[in-house]
Amino acid sequence: MKHCIKTFFVAMLAFVACGRVMAHESQPGLLEIKQLNADRYEVVWRAPIYYGRPHPASVLFPDDWQVIGVPTVRQLPDSALHRFVVEVPEGGFNGSTIRFPGLESTITDVFVRILRLDGSEQSQVVRPFQPFAELRGERPWYVSSGEYVVLGFNHILMGIDHLLFVLGLLIIVRGRRSLIKTITAFTVAHSITLALATLGYATIPGPPLNAAIALSILFLGPEIVRIWRGQTSFTIEHPWVVAFSFGLLHGFGFANGLSTVGMPRAEIPFALLSFNIGVEIGQLFFVLLILMSYRALKVLQFQWPRWVEFVPGYAIGSLGAFWTIQRAVMMF
C-alpha cells in the first residue's frame, strides 16, 4: 500500500519531468549595468539557454536611453551574451525602468546588477510575473536578502532533477528517524558544497556535474526495485550515507543559481545564507507536500493495481539513465 501511494507521486513527477527533458532549466539571467562615465553605461545581458533554445526574453531600454554603436552577441554553451553601450540623459538613470518582453512566458528570474563609478553596487531580482526593473539607489539589506530567499526557493522547486532525487530518497527511507537523518544529511552536504563553490574554494565544470547529478538519480532506481522485491542493500539500510554523498554533488548544482549572477562581493555572505535558506524552505515544502498527500491518500484508503508498484524504480531509473546519457553526450 505504501509503495503504491508513493508511486502515484513518482508517476506524476515523471510526467512533468518528461516534458522537461533538459531537467534543470531554472538558471537565472543576468543584466549587468556598468557606468563608464557621467552619462554612458555598458550593459551586458546574459540570456540563459531555455530548454535548448535561445531565451525568448529580450531587453527594452527606456525611450530616452540611446544605444551607441552596434550591439554585439557572443554565444556561450549555456547562454548568449549581448553587449550594449548606452547614453543616458543627465539625471535620467535613477527612476528609469528597464523591461524584459517575453520574460512573463518563462520561469526565469533575472538578476540585475548596477556598478557605479564611485564603486558602489546595487542589485535586484526581476521575476516573470513582474518583468521589469526600476533602477533605484541603495536598498535596505533585508529587501535584497528576501529576493535571494525567493531565488533559492524557486531554484529547487524548478529543478526537477533535484526533486526527483529527494523523492527517491523518500521512497527508500523507512521510519521517521531514518527520514530525519536522511533529509538532514542531504541538507548538510549540499550546504557545504554550496558555500565552497559560491565562495570560490571549489568548483566543478557544468557538463560533468550535470551528468553526475543525473547518475545520482539513476543510482536510486535499482534500490527502489530491491525494496519491491523484499531485498536489502547498504543504501536501503543507510540512506543517509547516500544522501550525504550525492548531496555534495547537488550542492554544486545549487551553486550555479548564484554563481551565474555575479554577486557583488559585499553581498556574498548574506546572499549565500539567504539563498540557502530559500533552498531549504523549498525542499521542506516539497517533502511536507509529499508526506501530507501520502497521509491523505492513506486515510482515503486508495487501492492501486499491483503493477503500479513497478513504476517507482523504473520511472526514476529510466529518467536518470536518459539524463545521464544525454548529458554525457553533451559533454562532447
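The values are calculated or read from the model by the stated rules, or taken from the named source; none is laboratory data. Predicted model only: the values in this text are computed from it and were never measured. Neighbour counts run over all protein chains shown; Cβ positions are idealised from the backbone, glycine included. The protein model used for the area step is the full one, side chains on, heavy atoms only, and it has no ligands, DNA or RNA in it. Shrake-Rupley method; radii C 1.70, N 1.55, O 1.52, S 1.80 Å.
What to note about this one:
- Hits in the stretch 156-167 (condition: part of a helix (DSSP H, G or I) and open to solvent by 40 Å² or more (accessible area, probe 1.4 Å)): 157
Residues checked against (1) modelled with pLDDT of 85 or more; (2) buried (at least 20 other Cβ atoms within 10 Å of the Cβ); (3) under 23 Å from residue 169 (Cα atoms):
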{"site": "228", "(1), (2), (3)": "no, no, yes"}
{"site": "255", "(1), (2), (3)": "no, yes, yes"}
{"site": "264", "(1), (2), (3)": "no, no, no"}
{"site": "271", "(1), (2), (3)": "no, yes, no"}
{"site": "279", "(1), (2), (3)": "yes, yes, yes"}
{"site": "295", "(1), (2), (3)": "no, no, yes"}
{"site": "304", "(1), (2), (3)": "no, no, yes"}
{"site": "317", "(1), (2), (3)": "yes, yes, yes"}
{"site": "330", "(1), (2), (3)": "no, no, no"}
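- Filtered by the rule that a residue be of a type in the set (S, T, N, Q), open to solvent by 30 Å² or more (accessible area, probe 1.4 Å) and under 28 Å from the mean Cα position of the chain (by Cα), the stretch 73-105 gives 75, 97, 105.
- For the stretch 43-61, a residue qualifies if it is at pLDDT below 90 and surrounded by fewer than 15 Cβ atoms within 10 Å (Cβ to Cβ), and the qualifying residues are 51, 52, 53, 54.
Conditions (1) acidic (Asp, Glu); (2) open to solvent by 10 Å² or more (accessible area, probe 1.4 Å); (3) over 30 Å from residue 294 (Cα atoms); (4) touching a Leu at 6+ places or on another chain (Cβ under 9 Å), marked per residue:
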{"position": "132", "(1), (2), (3), (4)": "no, yes, yes, yes"}
{"position": "146", "(1), (2), (3), (4)": "no, yes, yes, no"}
{"position": "154", "(1), (2), (3), (4)": "no, yes, no, no"}
{"position": "169", "(1), (2), (3), (4)": "no, no, no, yes"}
{"position": "174", "(1), (2), (3), (4)": "no, yes, no, no"}
{"position": "177", "(1), (2), (3), (4)": "no, yes, no, no"}
{"position": "182", "(1), (2), (3), (4)": "no, no, no, yes"}
{"position": "201", "(1), (2), (3), (4)": "no, yes, yes, no"}
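- Condition check for residue 193: in a helix (DSSP H, G or I), closer than 26 Å to residue 322 by Cα, among the hydroxyl-bearing types (Ser, Thr, Tyr) and in contact (Cβ under 8 Å) with a residue 12 or more places away in the chain: yes
- Considering only residues in the stretch 77-93 that are over 16 Å from residue 31 (Cα atoms) and in a loop (DSSP other than H, G, I, E, B), the one that is modelled with the lowest pLDDT turns out to be 77.
- Looking across the stretch 50-72 at every residue that is of a type in the set (A, V, I, L, M, F, W, C) and under 15 Å from residue 33 (Cα atoms), the one that is nearest to the chain's Cα centre (by Cα) is identified as 59.
- Scan of the stretch 45-60 for residues that are farther than 12 Å from residue 101 by Cβ and in contact with a Phe, Trp or Tyr (Cβ under 8 Å, 6 or more places away or on another chain), ordered by number: 45
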